[in-house]
């Protein structure tokens with residue numbers, strides 16, 4: 001017999017074993033396999049132990065306490081109810097939103113505080129442009145144009 005995990009009919013065989021509907025030959029084959037296969041043996045032992053489990057008895061006022069709790073939750077404001085761990089689909093989605101929103105707020109605040117004046121870079125460029133090396137280059141270029149201009153024409157710098 002193949003292992004119940006690898007057998008295509010493994011679920012059917014296990015269900016038949018648990019329900020007691022397997023024929024004797026198949027049941028004997030399953031028991032022989034379980035002696036050799038530790039995974040199947042553990043699985044069958046767990047299922048057998050589940051039959052032994054006894055659920056604890058409920059207290060006599062269980063229903064009363066349950067209905068009182070439901071009524072208390074129904075009277076709560078909506079903003080408190082959305083944080084309760086109940087079986088609603090949208091309520092658990094709100095819980096990660098708060099830390100995410102806080103992280104985004106810290107990030108935006110950090111960018112605003114860290115980012116200097118946006119015109120600071122422009123001021124530095126203007127200071128560099130007004131420096132003397134570029135003025136000297138412009139004067140030199142005008143002098144070169146005067147030398148290249150034909151004789152008898154006006155100089156390039158004259159207006």
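Kindly put 47, 79 in sequence by how many other C-beta atoms sit within 10 Å of each C-beta, fewest to most.
By the 10 Å Cβ count, ascending: 79, 47.
If you rank 43, 76 by fewest surrounding Cβ atoms within 10 Å, what's the result?
Fewest to most other Cβ atoms nearby, the residues stand as 76, 43.
If you average the C-alpha positions of segment 23-50 and of segment 56-72 separately, how far apart do those two centres end up, in angstrom?
So the two Cα centres are separated by 41 Å.
Taking neighbour Cβ counts within 10 Å as the exposure measure, how do 60, 29 sort from fewest upward?
60, 29
If you line up the Cα atoms of segment 1-41 on their principal axes, what length do they span on each, largest first, in Å?
23, 18, 14
Laboratory data are not the source of any read-out in this text; all were calculated from the coordinates shown. All of these numbers come straight from a predicted model, not from anything done at the bench. When we count neighbours, we look across all protein chains shown, and the Cβ atoms used for this are built from the backbone with ideal geometry, even at glycine.
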